[in-house]
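As C-alpha cells, the structure follows; a few thoughts come after it.
Taken together, the values in this text are just the output of simple stated rules run on the coordinates, not laboratory data. As the structure is a computational prediction, the values presented were derived from the model and not from experiment. Here the Cβ is made from the backbone with ideal geometry for all residues, glycine too, and neighbour counts use every protein chain on show.
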C-alpha cells in the first residue's frame, strides 16, 4: 500500500496550556521560529505525504489562515528587500494540499478521526497528533510508513516508558517480528498498573487503513465518556494484522508546559541562528544558580 494522505487531529481545547491557549490554538504556539503544527506537517511532507486534512474546531481558524497565501504581506516584503521571507511564506503554503473539517463536538480522538472518512475514501492514511513533536534523523512517520508498506497492514508508533508513565498512554501486548517492529496482539487505553499489557506506549503516530472507520462508528464511548481511538485499534488488531514500530526519535509533548519548554530549549540549541547564543546564555545562567 502507498500512503499519501494524512490526518492531523487539532480540535482539542488545549486545557493543559491555559491561559495561553484560550485564544491561540496550542498547535500554533511558536516553537523557536515557527508554530508547532508546521513541524508536524514538515515531518509528514518529508515522509511522502501529499494531502493533509486538519481536524479543527470553531476557535482554530488561525491554522487555516497560516497555511494559506497572504499576497499583501508577500508584496510588502518583496518591496522592502525581504524576498527570502516572502518566498518562505509561499513555500509553507505550498508544502502540501491542505483540507479542513471541523469536529463540532469534543467527543474524543476516535470521533475526530472518524470525521476524515470522506476525505480518506478507500486509501490508507497517516495520523499525526497535533501536539507531538519528534526530533529524529529519519522522520518518525516515514519509519512507520516503511513498516506498514512492508507488512501491508496498519501500524502504530510508540516507545517504551516507565511503570509510572504507562497510565497516561495506551499499553500494548506485543510479539517481536524484527528489530524495533512487533505484531500488536492487544491494546488498551490509559491502563492502571494491574491493567497494563506492557510498557510499550503508543504515542503520536499511526498508519491506518479505511476499515477503521466502520469500527469507530460502532465504538461506544469509553474512558472519559469519549470515543477512544485506542478502543477502535483494539478491535482492529483483533480483526486483522496490526504492527507497532518502536520509533527512533526524541518525542516532545508540546501540549504540556514542561514538554513545550523542553522542545523550545532543544530545538533552539539545534537552530544555527539561536544555538550558539543560547548555549552561552545557559552556561552563564547556570553559574548564578
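How far is helix 36-46 tilted, in degrees, relative to the longest principal axis of the Cα atoms in the chain, given as a value from 0 to 90 rounded to the nearest 10? It works out to around 70 degrees.
Taking Cα atoms only, the orientation of helix 229-239 departs from the longest principal axis of the chain by about 40 degrees. Its alpha carbons give the stretch 1-65 an Rg and a Dmax of 12.7, 43 Å.
Centre-to-centre, using Cα atoms only, the stretch 101-173 and the stretch 179-215 are separated by 10 Å. Packing around the peptides 89-100, 221-232, taken as the average count of other Cβ atoms within 10 Å per residue, puts them in this order, highest first: 221-232, 89-100.
Report for the stretch 5-287 the percent antiparallel among DSSP-assigned beta bridges with both residues inside it, nearest 5. Before the final figure, lay out the partial values.
Numbers: 28 of 46 bridges.
That works out to approximately 60 percent antiparallel.
Taken along its three principal axes, the alpha carbon spread of the stretch 194-289 comes to 57, 26, 24 Å, from the longest extent down to the shortest.
So if each residue of separation counts as 0.36 nm, and I subtract the Cα-Cα distance between residue 163 and residue 185, what length gain in nm does that give?
5.9 nm
Past the 34 angstrom mark, what percentage of all C-alpha to C-alpha distances in the stretch 5-287 do you count? So the pairs more than 34 Å apart make up 20 percent of the total in the stretch 5-287.
Size of the stretch 19-132 from its Cα atoms: along the principal axes, largest to smallest, the extents are 47, 36, 23 Å. From least to most packed, judged by other beta carbons within 10 angstrom and beginning with the fewest, 288, 15, 209 follow the order 288, 15, 209. May I ask you to derive the relative contact order of the chain, considering only C-alpha pairs under 8 Å and at least 6 residues apart, and to give it as an integer percent? Relative CO of the chain lands at 22 percent.
Just rank 150, 173, fewest to most, by other beta-carbon atoms within 10 angstrom.
Values: 150 13, 173 16.
The order, fewest Cβ neighbours first, is 150, 173.
Spin-label pair residue 177-residue 262: with each label point 7 Å from Cα along the Cα-Cβ axis, the two points sit 2.8 nm from one another.
Using alpha carbons only, how many degrees (0 to 90, rounded to 10) separate the axis of helix 83-93 from the longest principal axis of the chain? Result, in degrees: 20.
Using a Förster distance of 35 Å, how high is the FRET efficiency between residue 239 and residue 42, based on the Cβ-Cβ distance and rounded to 0.05?
My answer for the efficiency is 0.55.
Can you give the FRET efficiency for residue 246 and residue 106, using 1/(1 + (r/R0)^6), R0 = 41 Å, r = Cβ-Cβ distance, to the nearest 0.05? Efficiency at R0 = 41 Å is approximately 0.85.
Our note on the geometry: Cα centres of the stretch 46-100 and the stretch 21-43, 13 Å apart.
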